[in-house]
Amino acid sequence: MGGASRRFGSPNALARFEGESLAERAHRVLAEAFEDVVVVGKSADGLELPFPVLDDGSDVRAPIVGVAAALRLAGAELCVVLPTDMPFVTAALLRLLAEAAGALTSRCRRRARSQAPIGARRCRSSNGGSRPATSRSTERWETSSCASCAATNGSSAT
């Protein structure tokens, strides 16, 4: 919720679909799929919605701004982002996507522990095992030799 809605002519988050606004529908579907839901948008728009909207922190109106803000504000290692203008997405589909992403990241973490590239710094975790040494858990992928993780963070796998 924070795009310009130039083609639509009015805030598409408030458009009605099957008895609810697109924003309410997206929030409901996310809440059916996950415990925690974070909604980002433009506070300055002052849209009246039955849930809090966190400001995305930018004057730029572009979908990527909302995605970046959601990732920054969610505070989770895995995030599912749902634009308001996708009313046919279901909670089941979102759960399926999250499960697939979770399986991928789990596989990559195992691989990162066992096949760290030469030069990767290692540290001891509290349970006695070793893991890549990073300042944030999402940065683990930088030490991974997994091509999928490398593609996700824009680096190359070794």
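Looking at the stretch 10-27, which of the residues that are out of contact with any Phe, Trp or Tyr (no Cβ under 9 Å at 6 or more places or on another chain) and within 14 Å of Gly41 (Cβ to Cβ) is surrounded by the most Cβ atoms within 10 Å (Cβ to Cβ)? Lay out the reasoning, then the answer.
The first filter runs over the stretch 10-27 and keeps only residues out of contact with any Phe, Trp or Tyr (no Cβ under 9 Å at 6 or more places or on another chain), leaving 10-14, 16-22, 26.
When the remaining residues are screened for being within 14 Å of Gly41 (Cβ to Cβ), the result is 11-14, 21-22, 26.
Details: Pro11: 20, Asn12: 18, Ala13: 26, Leu14: 17, Ser21: 20, Leu22: 20, Ala26: 22.
For the stretch 10-27, the residue satisfying everything is Ala13.
Residues Phe17, Phe51, Phe34: which one is aromatic (Phe, Trp, Tyr) and under 23 Å from Leu104 (Cα atoms)? Outline the logic, then answer.
Details: Phe17 fails: under 23 Å from Leu104 (Cα atoms); Phe51 fails: under 23 Å from Leu104 (Cα atoms).
Among Phe17, Phe51, Phe34, only Phe34 is aromatic (Phe, Trp, Tyr) and under 23 Å from Leu104 (Cα atoms).
Report, ordered by the first and then the second residue, all pairs with beta carbons closer than 9 Å, sequence separation of six or more or different chains, a first member in the stretch 31-47 that is of a type in the set (Ser, Thr, Tyr), and a second member that is not in a helix (DSSP H, G or I).
Within 9 Å, the pairs are Ser43/Val53; Ser43/Leu54; Ser43/Asp55; Ser43/Asp56.
Would you mind finding the one in Val29, Val37 that is at pLDDT 90 or above and in a loop (DSSP other than H, G, I, E, B)?
Numbers: Val29 fails: in a loop (DSSP other than H, G, I, E, B).
When all the criteria are applied, what remains is Val37.
Table: residues versus (1) in a loop (DSSP other than H, G, I, E, B); (2) of a type in the set (Val, Ile, Thr); (3) under 26 Å from Ser10 (Cα atoms).
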| residue | (1), (2), (3) |
| --- | --- |
| Phe51 | yes, no, yes |
| Arg61 | yes, no, yes |
| Ala70 | no, no, yes |
| Val81 | yes, yes, yes |
| Thr84 | yes, yes, yes |
| Phe88 | yes, no, yes |
| Leu93 | no, no, no |
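Within the stretch 44-58, how many residues are over 18 Å from the mean Cα position of the chain (by Cα) and surrounded by 14 or more Cβ atoms within 10 Å (Cβ to Cβ)?
3
Surrounded by fewer than 15 Cβ atoms within 10 Å (Cβ to Cβ) and in contact (Cβ under 8 Å) with a residue 60 or more places away in the chain: does that describe Thr84? Spell out the reasoning first.
Values: surrounded by fewer than 15 Cβ atoms within 10 Å (Cβ to Cβ): no; in contact (Cβ under 8 Å) with a residue 60 or more places away in the chain: yes.
Criteria not met by Thr84.
Only one of (1) more than 17 Å from the chain's Cα centre (by Cα); (2) farther than 29 Å from Leu104 by Cα fails for Phe88. Which number is that?
With (1) more than 17 Å from the chain's Cα centre (by Cα); (2) farther than 29 Å from Leu104 by Cα applied to Phe88, the lone miss is (2).
The values are calculated or read from the model by the stated rules, or taken from the named source; none is laboratory data. This structure is a prediction, so every number in the text was calculated from the model and none was measured. Because the Cβ atoms are built from the backbone with ideal geometry, glycine has one as well, and the counts that use them run over all protein chains shown.
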